[in-house]
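The values are calculated or read from the model by the stated rules, or taken from the named source; none is laboratory data. Please read all numbers here as calculations on a predicted model, not as lab measurements. Heads up, the Cβs are rebuilt from the backbone with ideal geometry, glycines too, and the neighbour counts pull from every protein chain shown.
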Amino acid sequence: MIILGIESSCDETGLALYCTERGLLAHALFSQVDLHALYGGVVPELASRDHVRRLVPLTRQVCDEAGIELAAIDAVAYTAGPGLAGALLTGAMMARGLAWALQRPALGVHHLEGHVLAPMLEPEAPEFPFICLLVSGGHTQLIHVQAPGDYRLLGESIDDAAGEAFDKTAKMLGLSYPGGPALSRLAETGDPANVSLPRPMMDRADLDFSFSGLKTAAITRYKAFNGKQGTSDDELARFKADLAASFELAVVEVLIGKSRRALQQTGLSRLVISGGVSANRQLRQAADALEADGVQVFYPRLEFCTDNGAMIALAGASRLQRGESSDLAVSVKPRWPLESLMA
Ligand code: KG4
Ligand code: ZN
């Protein structure tokens, strides 16, 4: 069975063809980063309009790459939520329209289920059950994944998501959008020991996170340093790098500390880290160190950490194989808790 996957929940248009027998056949992505960089964040209306421009050419591109005609597509999976309503609707309309024209089923997929299952696209895919640390721009969650479709939320951020905190802190430091990768690059040149920042919620036994206070602490430290009389440009540049390194280390230590706790509490020994922030090198290094304690760690390849069509095609395939389908209505859910999939 060949499934076309369509991702359009935010600022990336992702298309992919996944075959249940042969694996991933082709994938293509258009990132709107340059479009939104001018505004320092995603402008929803611009995002929707650009998805409309990209969806058809990218569909043609993946079909050409895979060497198949549209008629060879057996089903279409699209991101139905959570995400920006207008952006979601563009992918949903495309998916429903194409599926109707081809007389094939279409299925709305949960974006976070795509991220959770993304490591299954790799040759060394994790076996079930596992703990998933899902760290993206919109979510920070620890999920007990018993099987595909069987998700129990163990903890989540009570305010900013990790990626959001990276982006906001980076913006304050004057770094380019999206801030996560830029802040991480700057952090490589800094020394975290020179600026101390808190480790929020680490003293609590639960598995929830909070990154808003950490972001505010970083901003306060920066303003205080920047406001000092006689600070040279060089000193400020060095402080910014140290602050970035300290911020990154604080986020990583909290994410890994709580993941370790989730593994201990559930008795599981497999950890999947996915979502945009799973591309972070320090996070990966810290997670890999868990292997000394017998934990197996899995990630998607770098290009599938951030939003993409391949993970949506895969999540759609998994649901279709379990006999799911949905009616012809074009519906999207900008807010949609992952756990509701089990209801
Ligand atoms: O999963 P994703 O593409 O979109 C959402 O579903 O939110 O994640 C995007 C987030 C952004 O906040 C971005 O700054 C962050 O992932 N990100 C990173 C890195 N690469 C992407 N954060 C820290 N370090 C990185 N290397
Ligand atoms: Zn995402």
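I'd like to check something: does the stretch 179-196 contain any residue that is within 16 Å of ligand 2 (Cβ to nearest atom), of a type outside the set (S, T, N, Q) and touching a residue at least 24 places away in the same chain (Cβ under 8 Å)? Yes, there is a match, as at least one residue in the stretch 179-196 is within 16 Å of ligand 2 (Cβ to nearest atom), of a type outside the set (S, T, N, Q) and touching a residue at least 24 places away in the same chain (Cβ under 8 Å). The requirement of being surrounded by 18 or more Cβ atoms within 10 Å (Cβ to Cβ) and among the aromatic types (F, W, Y) is not satisfied by F225. Would you point out the residue of the stretch 322-343, among those that are modelled with pLDDT of 85 or more and within 12 Å of L107 (Cα to Cα), that is nearest to the chain's Cα centre (by Cα)? The selected residue is V332.
Residue-wise test of (1) surrounded by 21 or more Cβ atoms within 10 Å (Cβ to Cβ); (2) away from ligand 2 (no atom under 15 Å from the Cβ); (3) more than 26 Å from T140 (Cα to Cα).
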| residue | (1), (2), (3) |
| --- | --- |
| L4 | yes, yes, yes |
| G14 | yes, no, no |
| V33 | no, no, no |
| P44 | no, yes, no |
| H51 | yes, no, no |
| P57 | no, yes, yes |
| L70 | no, yes, yes |
| A92 | yes, yes, no |
| A106 | yes, yes, yes |
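When the stretch 288-310 is filtered for residues that are touching a residue at least 60 places away in the same chain (Cβ under 8 Å) and within 15 Å of P126 (Cα to Cα), the ones remaining, listed by number, are Q296, F298, Y299, P300, R301. Just one of (1) of a type outside the set (S, T, Y); (2) free of Cβ contacts under 8 Å to residues at least 24 places away in the same chain; (3) in contact with a Gly (Cβ under 8 Å, 6 or more places away or on another chain) fails for P82. It is (2).
Filtering the stretch 12-47 to residues that are closer than 25 Å to A315 by Cα, in contact with a His (Cβ under 9 Å, 6 or more places away or on another chain) and without any contact (Cβ under 8 Å) to a residue 40 or more places away in the chain leaves F30, Q32. Across the stretch 130-157, the qualifying residues are those that are under 14 Å from the mean Cα position of the chain (by Cα) and not in a strand (DSSP E or B), and the one among them that is nearest to ligand 2 (Cβ to nearest atom) is S136.
For the stretch 247-288, a residue qualifies if it is among the charged types (D, E, K, R) and part of a helix (DSSP H, G or I), and the qualifying residues are E248, E253, K258, R260, R261, R281, R284, D288.
So which residues in the stretch 252-276 are touching a Phe, Trp or Tyr at 6+ places or on another chain (Cβ under 7 Å) and hydrophobic (A, V, I, L, M, F, W, C)? Those that are touching a Phe, Trp or Tyr at 6+ places or on another chain (Cβ under 7 Å) and hydrophobic (A, V, I, L, M, F, W, C): V254, L268, L271, V272, I273.
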